[in-house]
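See below for the structure under consideration.
The values are calculated or read from the model by the stated rules, or taken from the named source; none is laboratory data. Everything numeric here is computed off the predicted structure, so don't read it as measured data. Positions of Cβ are backbone-derived with ideal geometry, glycine not excepted, and every protein chain shown enters the neighbour counts.
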Amino acid sequence: MVKEAILKTDKILKLEDARFGLDGCNIHNQAIASEWQGQVKDAKDASATTQENTPTCISLNFDDLKCFETVERQYESWGVIFHNSLAIQPSNPAFPTHSGLKVLMGSPKSGLLEVSFLRPVNWVSALVTSSQRLVLTAYDRDRKLVAQTVLPGSNLANSGSSIPPNTLLSIAANDIHHVSFSAFDGQFTLDNFRFCF
């Protein structure tokens with residue numbers, strides 16, 4: 001079971017603060033998921049196969065994707081399906097990557113990326129870089145709104161924004177079946193996409 005405290009604040013937390021860094025989340029039993037199942041299988045083989053050792057959080061690695069590959073069911077075995085999503089290796093320095101070479105962006109409809117979970121989750125996060133205000137919305141099985149969080153404005157690199165690129169945007173609620181990332185009339189990238197059951 002994952003124990004988590006949610007900090008309510010109007011201030012965007014910076015990743016440089018060690019207390020709020022991704023590695024400081026203290027998420028136990030996390031699996032780093034990759035499109036290529038061999039890497040993950042090795043990690044799972046090292047632990048017992050009891051329910052207690054089953055990963056409760058999954059972090060997706062996009063570097064095994066091809067550049068400009070449409071991303072939809074590549075991670076279905078991990079319980080997640082993407083909609084309107086494209087893997088890119090950003091050439092624009094305003095959209096830096098955080099941990100690898102590839103990120104996801106909304107395409108063919110720009111400014112929108114949707115995710116469906118095969119079983120309900122209770123926490124979703126990603127590192128986001130956006131040209132506009134970005135809204136992360138969580139929905140239940142019937143597509144009713146359960147929670148929403150916002151990146152209040154642009155956070156492009158070298159733009160003078162007070163919000164750094166690759167800011168952690170997360171949402172926590174019971175029974176999340178779908179999430180959407182939307183930036184009206186804007187572009188954004190996602191890196192380090194994580195979710196917990």
>> Among the residues of segment 158-174, are any in contact (Cβ under 8 Å) with a residue 24 or more places away in the chain, within 25 Å of Glu72 (Cβ to Cβ) and in contact with a His (Cβ under 6 Å, 6 or more places away or on another chain)?
In response: yes
> What number of residues within segment 107-120 are under 16 Å from Val80 (Cα atoms) and not aliphatic (A, V, I, L, M)?
Replying inline: 5
>> Quick check on segment 141-152. Is at least one of its residues under 21 Å from Lys109 (Cβ atoms), acidic (Asp, Glu) and over 18 Å from the mean Cα position of the chain (by Cα)?
In response: no
> Which of the residues belonging to segment 164-181 are more than 15 Å from Val124 (Cα to Cα) and surrounded by fewer than 19 Cβ atoms within 10 Å (Cβ to Cβ)?
Replying inline: Pro164
>> Within segment 24-114, considering only strands (runs of 3 or more DSSP E) that don't extend past its boundaries, which have at least 2 residues that are modelled with pLDDT of 95 or more?
In response: 80-83, 85-88, 103-106
> Taking segment 111-134 as the region of interest, how many residues are within 19 Å of Pro164 (Cβ to Cβ) and either surrounded by fewer than 21 Cβ atoms within 10 Å (Cβ to Cβ) or touching a Gly at 6+ places or on another chain (Cβ under 7 Å) (or both)?
Replying inline: 4
> Taking interchain pairs and intrachain pairs at least six residues apart, which have beta carbon atoms under 9 angstrom, with the first residue in segment 65-91 and free of Cβ contacts under 8 Å to residues at least 12 places away in the same chain and the second surrounded by 19 or more Cβ atoms within 10 Å (Cβ to Cβ)?
Replying inline: Arg73/Phe82
> What strands (runs of 3 or more DSSP E) completely inside segment 121-197 contain at least 2 residues that are among the small types (Gly, Ala, Ser), farther than 23 Å from Leu86 by Cα and out of contact with any Leu (no Cβ under 6 Å at 6 or more places or on another chain)?
Replying inline: 167-182
